[in-house]
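Bear in mind these aren't lab numbers, they're just calculated from the coordinates by the rules spelled out. As the structure is a computational prediction, the values presented were derived from the model and not from experiment. Glycine gets a Cβ as well: all are built from the backbone with ideal geometry, and neighbour counts include every protein chain shown.
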Amino acid sequence: MNSFFERRYVIAGIFITILVILLARLFYIQIVDNRYAIYANNNVRRQKISNAARGPILDRNGKVLVQNVPFYDIMVTPKQVKPFDTVEFCKLLGIDRAAFDKQWIKAVKYSPYLPSVFEKQLSATTYASLQERLSEFPGFDSTPRYLRTYPDSVAAQFLGYIGEVQDKDIERSGGYYHPGDYIGVTGVEKSYEAVLRGQRGVENLMVDSRNKPKGHYANGLFDTAAVAGQRLTSSLDISIQEFGEKLMQNKEGSIVAIEPSTGEILCYVSSPTYDPNLMVGRERGNNAAKMYANPYNPFFIRPIQAKYPPGSSFKPLSALIALQEGIITPQTTYFCPGYYKAGNRKIPCNNGEAHGLVNLSSAVAKSCNGYFSMVFQKILDHNGTRQTEATFATWRAKVNKFGLGAKLGLDMPGESRGNLPTPLHYDNVYKPGGWHSSTIISLAIGQGELEATPLQMANLECTIANQGYYYKPHLIKAISAQNVIRKEYTERNYVGIDSQYFDPVINGMQAVVDNGTAIRSKIPGIVMCGKTGTAQNSHGEPNSVFVAFAPRDHPKIAIAVIVENSGEGAHWAAPIASFIVEKYLRGSVSQRESGITPEYFMNANKLPDIIPKIRKTVPPPIPPNLKKDSANKANKQRR
């Protein structure tokens, strides 16, 4: 009897313990751990995403550069699919059975229960014929998306393009992006992705055990509507952008024009360019492959990625530094016999031309290599030849303040810093103490290791036009209706040169156009100050360079033009720059006394010849079963 009662208490204790464990587990599952609630929700709730339209991009005058066109993705949820006429379905989509099978396997692998893209980017016309019969194919649905379209087919490298997200994009976004979503890949599309993409909408639908919709979860309380991306207003002027691209067609090079009083980029030409519409639609991959194979590399963004010796356009900079330091005055003269001797090196003037006695202004006007070599050597030897390295470091720091040798902070990915050599570089080349001003004299005329991007060259002209400061260049003026330019783009960046020293340089630059090397590019009624450059190029003819600003009083545009492999700056870059300047200031191009016309430069082809690479042919291997003497005989036959 006592044994029975003892067993009863033991059994009751076991049941009570089990009950307490179950209750504790139930409390943990329902209250503490939310994973099971998530699993339950996922079993009965489905999210339907509605994609937002990307924001349009306008030029500075409100003209549309980029807008959207709707298209449709066909989605599939494999578990909802029932037997259907596959041949007819493929016919409606315009695909074959092999493509269908490939997409089906991909969808099942992704998830039998969740929708995924089966066929993408159907045009409105194709979708219209399919929409009427889509109900015949259970498990298949459609979702609207938006592709970019470019009404004027210009500014491809500026605008950039969008593409489907990669796994790394999804990972970096913390799950915001899903397979099949689009993201900015280059240009403004990438820089302002967070603004342009908008906010996708979400519908939370309830489904039963057979995955059939049963209405909205919580009566739609947690549903959100898609919000379109915000409108961007760029600083670009489409009229001179389009004009510049025509002038630069069949040429390698760049045009960058900036408004000196704001730093807003007016023109951003990279040539060769491409039609941005080619990077949209179902042929995008094939088009991109062709452009990647193009030896002239249209995807290369020359305004910010190409690095060129600035040539003579750099000459005024050292002179300004020397004026500020009191090493020279505007009246300092040099007698040019057609060359300059630096140690045992001889620096010839262009074509060996002897300029005679020149001062600062006339040296700028005549582009005298000798004068600026003399100025550079005076700067570096100012503290004695034993202090060359320290003096050069000081000079370099002053040049750097003009925006050379560093990124300017453009609101665009991929900007290069150019190249402004360091003392360490020369120590490595010549050993410490083994180099002097005569060793690096080529820097005086913008050659040697010195390299600048077209953006940096145009920004240098803004500094001269403003007589001592520049605003950081930027491409976007406003987001939606609000001016949201970052504060850093509204601040003046002073270069450490007093305004009084700029007049002699500007006088010389005006003389370059009025009666100097760029006289053929003189604009009737507009005072343009410029500087031609003929920059040495190791890959062929010199690069034609021209930098300028206009008008002289209250400048409204500063510009840099580089035409690669084209010879002297006066022949190609200067006329193109003058056309752009006049087009921007007046809206049209007048007849020039020199007779030059835009049409001549539009039709000229200056693309360098592409030398095909000679592929070495390798003889086929000798089969191992050949006898030794047979192998020798085969080798002799090959020889």
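Modelled spin-label separation between Asp503 and Lys431, with each label point placed 7 Å from Cα along the Cα-to-Cβ direction: 5.1 nm. Would region 495-593 count as rounded, prolate or oblate if I go by the C-alpha gyration tensor, calling it rounded below 1.5 in a/c and otherwise prolate when a/b exceeds b/c, oblate otherwise? Taking the square roots of the gyration eigenvalues as a ≥ b ≥ c, region 495-593 is oblate.
FRET efficiency for the pair Thr329 and Tyr296, taken as 1/(1 + (r/R0)^6) with r the Cβ-Cβ distance and R0 = 45 Å, rounds to 0.45. With the cut-off at under 16 Å, measuring from each backbone N in region 542-574 to a point 7 Å along the Cα-to-Cβ line of Tyr600 picks out 567-574. The value for region 387-546 of Rg(Cα) / (2.2 N^0.38 Å) is 1.20. Summarising the label geometry, the points placed 7 Å from Cα in the beta-carbon direction at Arg282 and Tyr9 lie 8.2 nm from one another.
Applied to region 333-341, the Karplus parametrisation 6.51 cos²θ - 1.76 cosθ + 1.60 on θ = phi - 60° returns per-residue 3J(HN,Hα) values of 10, 8, 8, 9, x, x, 6, 9, 9 Hz, with x for Gly and Pro.
Mind pulling up the Rg/Rh value for region 37-170? Radius of gyration and Kirkwood radius, both on Cα. Let's see the in-between values first.
On the way: Rg = 18.1 Å, Rh = 17.3 Å.
Rg/Rh for region 37-170 comes to 1.04.
A convex hull fitted around the alpha carbon atoms of region 228-287 yields 122 Å³ per residue. With a Förster radius of 30 Å applied to the beta-carbon distance between Lys63 and Gln482, the computed FRET efficiency rounds to 0.95.
Cβ crowding within 10 Å ranks Leu410, Leu22, Leu196 as Leu22, Leu410, Leu196, fewest other Cβ atoms first.
Relative contact order, whole percent, for region 317-430 stands at 21, derived from Cα pairs under 8 Å and 6 or more residues apart.
Comparing Ala390, Gly414, Asn400 along the charge dipole axis of region 378-448, the residue lying farthest to the positive side is Ala390, per the Cβ-charge model. Here the peptides 586-599, 466-479 are ranked by packing, the mean other Cβ count within 10 Å, and the order with the highest first is 466-479, 586-599. Relative to the dominant Cα principal axis of the chain, helix 369-380 is inclined by about 70°.
For region 567-604 versus region 450-471, the spacing of their alpha-carbon centroids is 22 Å. Listed options for semi-axes √(5λ) of the Cα gyration tensor in Å are (1) 63, 31, 30; (2) 40, 29, 27; (3) 55, 41, 23. The value calculated from this structure is the one marked (1). Work out, step by step, the length gained on full extension between Ser123 and Thr422: first 0.36 nm times the residue separation, then minus their alpha carbon distance; give nm to one decimal. 102.1 nm is the gain from fully extending Ser123 to Thr422. In plain terms, the residue of Leu460, Leu93, Leu424 with the fewest other Cβ atoms within 10 Å comes first and the most crowded comes last, giving Leu424, Leu93, Leu460.
Remark on region 471-528: ratio of C-alpha radius of gyration to 2.2 N^0.38 Å is 1.71. Report the FRET efficiency, 1/(1 + (r/R0)^6), for Lys102 and Leu221, where r is their Cβ-Cβ distance and R0 is 51 Å, rounded to 0.05. In this case the efficiency is close to 0.80.
Region 243-287 and region 97-160 have Cα centres spaced 30 Å apart. Relative contact order, percent, of region 380-490 when contacts are C-alpha pairs under 8 Å separated by at least 6 residues? RCO, region 380-490: 25 percent.
When +1 charges are put on Lys and Arg Cβ atoms and -1 charges on Asp and Glu Cβ atoms, the dipole computed for the chain relative to its Cα centre reaches about 2040 debye.
Annotation for Val20 and Met206: the two label points, set 7 Å from Cα along the Cα-Cβ direction, are 3.9 nm apart.
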